[in-house]
1. Of the residues in segment 98-114, how many are touching a residue at least 40 places away in the same chain (Cβ under 8 Å) and either assigned to a helix (DSSP H, G or I) or of a type in the set (S, T, N, Q) (or both)?
2. Pick out the one residue from Asp43, Asp47, Asp101 that is acidic (Asp, Glu) and more than 27 Å from the chain's Cα centre (by Cα).
3. Every residue in segment 154-178 that is more than 18 Å from the chain's Cα centre (by Cα) and either of a type in the set (A, V, I, L, M) or under 30 Å from Ile220 (Cα atoms) (or both), please.
4. Any residue at all in segment 318-336 that is outside any loop (DSSP other than H, G, I, E, B) and within 19 Å of Arg76 (Cβ to Cβ)?
5. So in segment 266-292, with the set limited to residues that are over 30 Å from Asp101 (Cβ atoms) and modelled with pLDDT under 90, which one is surrounded by the fewest Cβ atoms within 10 Å (Cβ to Cβ)?
6. Here are some conditions: (1) over 27 Å from Ala228 (Cα atoms); (2) of a type in the set (Val, Ile, Thr); (3) crowded, with 19+ Cβ neighbours inside 10 Å. Thr59 meets all but one. Which one does it not meet?
7. Kindly state which strands (runs of 3 or more DSSP E) lie completely within segment 115-208 and contain at least 3 residues that are open to solvent by less than 10 Å² (accessible area, probe 1.4 Å) and in the same structural domain as Gly227 (by the TED database).
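The values are calculated or read from the model by the stated rules, or taken from the named source; none is laboratory data. A quick note: this is a predicted structure, and the numbers were derived from the prediction, not measured. In this analysis, Cβ positions are derived from the backbone assuming ideal geometry, glycine residues included, and neighbour counts consider all displayed protein chains. These accessible areas exclude ligands, DNA and RNA; they are computed on the full protein's heavy atoms, side chains included. Shrake-Rupley method; radii C 1.70, N 1.55, O 1.52, S 1.80 Å.
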Amino acid sequence: MAPTTMGSALHPLSEMRRSQRADGLAAVLAIGTANPPNCVTQDDFPDFYFRATNSDHLTALKNKFKRVCQEMGVERRYLHHTEEMLSAHPEFVDREAPSLDARLDIVAEAVPELAAKAAKKAIAEWGRPATDITHLVVTTNSGAHIPGVDFRLVHLLGLRPSVRRTMLYLNGCFAGCAALRLAKDLAENNRGARVLVVAAELTLMNFSGPDEGCFKTLLIQGLFGDGAAAVIVGATATDDDDGVERPLFEIVSAAQTIIPESDHALDMRFTERRLDGILTRQVPGLIGDNVEQCLLDLFGPLLGDVGVNKWNDLFWAVHPGSSTIMDQVDAALGLEPGKLAASRRVLSDYGNVSGATVIFALDELRRRKEEAAAAAGEWPEWGVMMAFGPGMTVDAMVLHATSQVH
């Protein structure tokens with residue numbers, strides 16, 4: 001009798017497990033982005049930066065920086081910090097002055113507010129009340145607080161106190177993909193789940209005056225911008241009974257890998273001064289040399305199954321870490337001109353917004369996809385979303401354009 005009793009006990013448990021899972025794939029249901037109001041053009045940024053850091057006397061360095069800024073592929077960026085703020089905090093300009101506490105005090109308020117702006121746009125597009133959000137995943141490199149941004153967003157957005165929260169810190173530029181990978185697992189393993197993913201970044205955490213002996217510190221100042229992006233993810237095959245939701249992309253598969261022998265190339269850490277780290281000139285080459293093999297290792301069998309034989313058959317949402325990185329990806333994969341146009345446009349309009357940038361690129365891709373549909377144009381059925389970050393880590397997912405789903 002014991003085996004029979006055990007079998008009868010297991011049967012309802014397995015049925016319960018099946019009933020807890022969603023029937024369909026996770027999908028992107030809405031996207032929202034936000035930036036601070038302070039917009040600085042790349043043409044004006046060298047004057048702003050050297051004036052705000054009391055460094056106008058470094059004329060040769062400033063002229064070199066001006067030339068480099070014009071080659072970054074950035075036309076404008078949005079910044080939370082202003083000259084008035086920097087004047088009030090001279091410790092932010094002094095590279096050696098302890099200033100981490102003051103920076104953390106500012107971002108503790110500013111990051112949740114910027115994150116809420118992006119999230120409210122996503123929720124409005126989604127069309128359902130904020131109280132229907134069941135899970136919240138937040139990622140930022142701009143802070144180290146508990147309670148954190150996730151806790152603050154519950155009040156700012158009117159979420160239920162019982163919303164299940166996950167806070168991700170210091171994932172770097174692959175954070176947006178990493179958060180969406182987690183959201184996919186949550187949505188598909190919890191029937192009816194609706195996951196709000198938010199990535200928010202402020203460069204105030206790593207702002208500093210110029211270092212005459214290390215020009216690469218200026219590259220960071222000239223490349224990164226501030227912004228937040230939000231995505232709502234849910235499995236919609238059987239869960240959406242009222243027809244309000246409009247899936248944009250299905251998240252078919254998600255994975256992560258490490259580029260071999262690359263842990264020396266890029267890292268991040270908090271010091272008593274600011275958020276600091278190592279950024280070597282090897283980063284673009286490491287990505288270019290390894291990106292195709294990483295994609296084949298992660299998704300090769302899947303892409304073969306769906307009939308994709310060339311990288312140019314896909315649409316691409318790539319984290320635009322820099323124009324040099326995108327040039328390397330273009331060359332390594334043999335992409336046709338324009339395949340990375342959405343990512344390049346985001347870099348031009350916003351700069352590198354760290355973990356949020358790849359979601360900005362996905363939003364730009366969505367806009368181009370809808371324009372193509374309105375003009376009865378063609379759009380690839382399958383695509384890849386991919387980001388790179390400290391480690392060096394590649395986080396990527398295969399997306400399915402939902403106009404083809406049903």
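1. 11
2. One residue alone meets the criteria, Asp47.
3. Val154, Leu156, Leu157, Leu159, Val163 - these are the residues of segment 154-178 that are more than 18 Å from the chain's Cα centre (by Cα) and either of a type in the set (A, V, I, L, M) or under 30 Å from Ile220 (Cα atoms) (or both).
4. Yes - at least one qualifying residue is present in segment 318-336.
5. Only one residue fits best here, namely Arg281.
6. Every listed condition holds for Thr59 apart from (3).
7. So the answer is 135-140, 194-201.
One line per residue, one yes/no per condition, for (1) over 21 Å from Ala230 (Cα atoms); (2) touching a residue at least 60 places away in the same chain (Cβ under 8 Å); (3) open to solvent by less than 40 Å² (accessible area, probe 1.4 Å):
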| position | (1), (2), (3) |
| --- | --- |
| Glu336 | yes, no, no |
| Ser348 | no, yes, yes |
| Gly355 | no, yes, yes |
| Ile359 | no, yes, yes |
| Leu365 | no, no, yes |
| Ala375 | yes, no, no |
| Phe388 | no, yes, yes |
| Gly391 | yes, yes, yes |
